[in-house]
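The structure under discussion appears below in the form of structure tokens.
The values are calculated or read from the model by the stated rules, or taken from the named source; none is laboratory data. The structure presented is a predicted model; accordingly, all values stated were derived computationally and were not measured. Note that we place each Cβ from the backbone using ideal geometry, even for glycine, and neighbour counts take in every protein chain shown. For the accessible areas, the whole protein counts, side chains as well, though only heavy atoms, and no ligand, DNA or RNA atoms are used. Shrake-Rupley method; radii C 1.70, N 1.55, O 1.52, S 1.80 Å.
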Amino acid sequence: MHDLFQRLKRRHEFWLASVIAVLVVYLSIATQGFLTLQNLFDLLTSYAFLGILAAGLLVVLISGGIDISFTATASIAQYITMLLANKYGLDWFSVFAIAIIVGLVLGAINAVLIDRLQISSIIVSIATLNIFYGLLVFVTGGKYIYSLPSWFGKGIYWFEYVDAEEISYGLNLQILALFVMFTITWLLLNRTNIGRQIYALGGNREAAQRLGFNVFRLNILVYCYMGLTAGVASLIQAQLAQSVAPTVLVGKELDVLAAVVLGGASLAGGVGTVLGTILGLALLAIMQNGLILIGVSSYWSQFFVGLVILLSVSATALSARRKRKGNLIE
Amino acid sequence: MSNEPAYLTKGPDAVLMRLLKGLTHDVTNRRLIILLVALVVVFGLLIGERFFSQATVQSMAFQLPELGILSLAMMITLVSGGLNLAIISTANLCALTMAYIMTTHVPGAEGFIWVGWQIIAICAGLAVAAVIGLLNGFVIAYLGVSPILTTLGTMTMVKGIAIGMTRGNVLSGLPEPIVFIGNGTVYGIPTAMIVFAIVAIPVAIMLGRTPTGAATYMIGSNEKATRYSGIDTKRVILRVYLISSLLAAIAGLVMMARFNSANASYAESYLLVTILAAVLGGVDPMGGFGKIAGLILSLIILQVISSAFNLLNFSQFLTLAIWGTILVAVMAVPNIRRRLGFAD
């Protein structure tokens, strides 16, 4: 038992989960609205967009790269898909196929620029963010799409359930997509050979190359996966917002990055888990939700988010340093 | 001839590069000059006389300083191997602090007290910036948190304070002398441009001629080696983030003066553009390299494109796309040369 605790103590996820547990217990006692099924479903639905993108960014960070162009990718995927859906009708399968293809193509552009021209990923993605976003708003004139196909507007509900107060909830498109994308990401990272290669690439690029890994193919896969998640996320966001706005998503890229690094992923590559990312996202979501429920003005919520990020990364750095010192003595 | 570096003897641009040899030693700067001249010629042909008119040049000089000072703030942290994502939120919080004091205390005052309150306001803004800068520097240097994470946190927190205090409202109606900083001219030169020069020269001297500057470049190249060579790297990093923050505050002052107002979320789209400008100007995003001259050339290039597109009635979003394309193109030049067999 003692051993288990010692081992857990070293895990970033353990500390995150502890903080979340304290928050959940406190909020459940202090507020009426927190521990309700409806609040849980609302939280999952509204954070699904950030969550799906976080899953994609996690894979990129583990591989040792970074991508911040995904909000522009999502905006383009959303716009093209909904234009086509309005024109040709389409169905669920084809809208997701189109959005994913757009995401894959734009992701591949990033990968080719990063790998073939040997430019650092942060610079490439800053450039492509501006290129993708600039071209999208230029071509569309920044016009919103308000009318979506009616089947798309209605969304998907499984296991719909109406409670005593006639509020209905169920497994909707957003929650389903969130679970599916996290499951796929977990499988990719933990149950496939490619996943191990991505960790190795981020841990030590030189070594991975000498072992004979095809780094170009891995980069293509990683940035295309980011594009794929951007495509999926863009559609569930459009479904939730019931409109498509080319200028709304860009600017959220650092929120996603914050969730992923709160979850313990390292910007140096090679480190990060799906569980950590889920917990990082949960911490941000529960905190923002909780602040509103206990009556803190929503104007102050961003301040607390920043404070938590700063405290969390500082605490992680301090404990990592202590660990290093401990290792020296051993 | 055999001692000449490859970029002077081989490749399609060798003749041009040789011509510019006397002007600057820096290879990146020569390429930027070639790019700038090419752009001016192309836009000159497309637009004609209007592109060279006094009004156009003056409007460029009005627009450049905001992005310029912010890019300086970003650049020095990049040179040290870091990054400061908090520059925009710092600029806005400082501008709000200054604007708050100016709009509440200045209107009732007269004479010396009137001037005094404006000076106090500016000092208060700088003090806020100093606190943010020291916080950034402390967490990065002494706690060992990566700059991108630290400043992501402070960026969110500082913006949160600005939103919390103002509830997202705009503070406007600033005193005359402040508005003059953003909109006035001295002998035809926009005041903001003069502020930019006053700020850029000491930063250039700091980076190029002082021990702190030398240490900043060394830390950017190899922090561990610098520390083992006996330099107090932590103190240098602390200073770098302090200066970056103070520069952001001055950018906030210029922005506030130009808009005659302050708000928690002005100029947010500039954040990534400052990195773009610095990297285009030859600053290595991994740290250790980059000169003010290159940054200024890159700012002029970005401004020329933006102003020309404006005259051509192109959307400002097309400007963004072209800026991104130019960044990729310039970054790709060394690699393309290598592939063509003209290694530098």
### Query
Inside region A:271-289, can you point out the residues that are of a type in the set (S, T, N, Q), part of a helix (DSSP H, G or I) and open to solvent by 20 Å² or more (accessible area, probe 1.4 Å)?
A:Gln288, A:Asn289
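What number of residues in region A:115-138 are of a type outside the set (A, V, I, L, M), farther than 18 Å from A:Leu201 by Cβ and either within 22 Å of the chain's Cα centre (by Cα) or more than 7 Å from every other protein chain (Cβ to nearest Cβ) (or both)?
First pass over region A:115-138, keeping only residues of a type outside the set (A, V, I, L, M): A:115-116, A:118, A:120-121, A:125, A:128, A:130, A:132-134, A:138.
Within this subset, residues satisfying the condition of being farther than 18 Å from A:Leu201 by Cβ are A:128, A:130, A:132-134, A:138.
From the residues that got through so far, the ones that are either within 22 Å of the chain's Cα centre (by Cα) or more than 7 Å from every other protein chain (Cβ to nearest Cβ) (or both) too are A:128, A:130, A:132-133.
Result for region A:115-138: 4.
Among the residues of region A:112-166, write down those that are assigned to a loop (DSSP other than H, G, I, E, B) and out of contact with any strand residue (DSSP E or B) (no Cβ under 9 Å at 6 or more places or on another chain). Break it down into steps so the answer makes sense when it comes.
In the first step, residues of region A:112-166 are kept if they are assigned to a loop (DSSP other than H, G, I, E, B); the result is A:117-120, A:141-144, A:146-149, A:155-156, A:163-166.
Result: A:Leu117, A:Gln118, A:Ile119, A:Ser120, A:Gly141, A:Gly142, A:Lys143, A:Ser147, A:Pro149, A:Ala164, A:Glu165, A:Glu166.
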### Message
Can you tell me how many residues within region B:59-87 are under 11 Å from the mean Cα position of the chain (by Cα) and either surrounded by fewer than 24 Cβ atoms within 10 Å (Cβ to Cβ) or more than 23 Å from B:Thr212 (Cβ to Cβ) (or both)?
### Response
4
### Summary
Given the conditions (1) over 28 Å from A:Trp92 (Cα atoms); (2) assigned to a helix (DSSP H, G or I); (3) in contact with a helix residue (DSSP H, G or I) (Cβ under 9 Å, 6 or more places away or on another chain); (4) not polar (S, T, N, Q), every one holds for A:Phe213 apart from (2)
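Condition check: open to solvent by less than 20 Å² (accessible area, probe 1.4 Å) and among the hydrophobic types (A, V, I, L, M, F, W, C). Does B:Val333 satisfy that? Full working, then the answer.
Details: open to solvent by less than 20 Å² (accessible area, probe 1.4 Å): no; among the hydrophobic types (A, V, I, L, M, F, W, C): yes.
No; evaluated as a whole, the condition is false for this residue.
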### Task
Answer yes if at least one residue in region B:289-296 is more than 23 Å from A:Gly251 (Cβ to Cβ) and basic (Lys, Arg), and no otherwise.
yes
### Conditions (1) open to solvent by less than 30 Å² (accessible area, probe 1.4 Å); (2) within 12 Å of chain B (Cβ to nearest Cβ); (3) more than 17 Å from the chain's Cα centre (by Cα): number failed by A:Thr247
(1)
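So which of B:Thr274, B:Thr319, B:Thr226 ends up being open to solvent by less than 50 Å² (accessible area, probe 1.4 Å), of a type in the set (S, T, N, Q) and more than 14 Å from chain A (Cβ to nearest Cβ)? Full working, then the answer.
Values: B:Thr274 fails: more than 14 Å from chain A (Cβ to nearest Cβ); B:Thr319 fails: more than 14 Å from chain A (Cβ to nearest Cβ).
Going through B:Thr274, B:Thr319, B:Thr226 in turn, the sole match is B:Thr226.
For region B:280-316, what are the residues that are assigned to a loop (DSSP other than H, G, I, E, B), under 26 Å from B:Arg50 (Cβ atoms) and either open to solvent by less than 40 Å² (accessible area, probe 1.4 Å) or more than 10 Å from chain A (Cβ to nearest Cβ) (or both)? Spell out how you get there, then give the answer.
Taking region B:280-316 and keeping what is assigned to a loop (DSSP other than H, G, I, E, B), we get B:281-291, B:312-315.
If we keep only those that are under 26 Å from B:Arg50 (Cβ atoms) as well, we get B:312-315.
Selection gives B:Leu312, B:Asn313, B:Ser315.
Picking from A:Leu84, A:Leu61, which residue would you name as being within 28 Å of A:Gly272 (Cα to Cα) and among the hydrophobic types (A, V, I, L, M, F, W, C)? If you could, list the steps in order and put the result at the bottom.
Details: A:Leu84 fails: within 28 Å of A:Gly272 (Cα to Cα).
It is A:Leu61.
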### Message
Could you check region B:144-172 and list, in sequence order, the residues that are open to solvent by less than 50 Å² (accessible area, probe 1.4 Å) and either more than 8 Å from chain A (Cβ to nearest Cβ) or of a type in the set (S, T, N, Q) (or both)?
### Response
B:Ser146, B:Pro147, B:Thr150, B:Thr151, B:Thr154, B:Thr156, B:Ala162, B:Thr166, B:Leu171
### Summary
Per the filter on region A:55-70, residues part of a helix (DSSP H, G or I) and either free of Cβ contacts under 8 Å to residues at least 40 places away in the same chain or under 19 Å from A:Ile101 (Cα atoms) (or both) are A:Ala55, A:Gly56, A:Leu57, A:Val59, A:Val60, A:Phe70
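What about B:Lys234, is it in contact with a Phe, Trp or Tyr (Cβ under 7 Å, 6 or more places away or on another chain) and either buried (at least 16 other Cβ atoms within 10 Å of the Cβ) or not β-branched (Val, Ile, Thr) (or both)? Don't jump to the end; show me each part of the working.
Working: in contact with a Phe, Trp or Tyr (Cβ under 7 Å, 6 or more places away or on another chain): yes; either buried (at least 16 other Cβ atoms within 10 Å of the Cβ) or not β-branched (Val, Ile, Thr) (or both): yes.
Considered against the rule, which asks whether it is in contact with a Phe, Trp or Tyr (Cβ under 7 Å, 6 or more places away or on another chain) and either buried (at least 16 other Cβ atoms within 10 Å of the Cβ) or not β-branched (Val, Ile, Thr) (or both), B:Lys234 comes out as yes.
Out of A:Ala230, A:Ala258, I need the residue that is surrounded by 23 or more Cβ atoms within 10 Å (Cβ to Cβ), touching a helix residue (DSSP H, G or I) at 6+ places or on another chain (Cβ under 7 Å) and modelled with pLDDT under 90. Which one?
Working: A:Ala230 fails: modelled with pLDDT under 90.
Residue meeting the stated conditions: A:Ala258.
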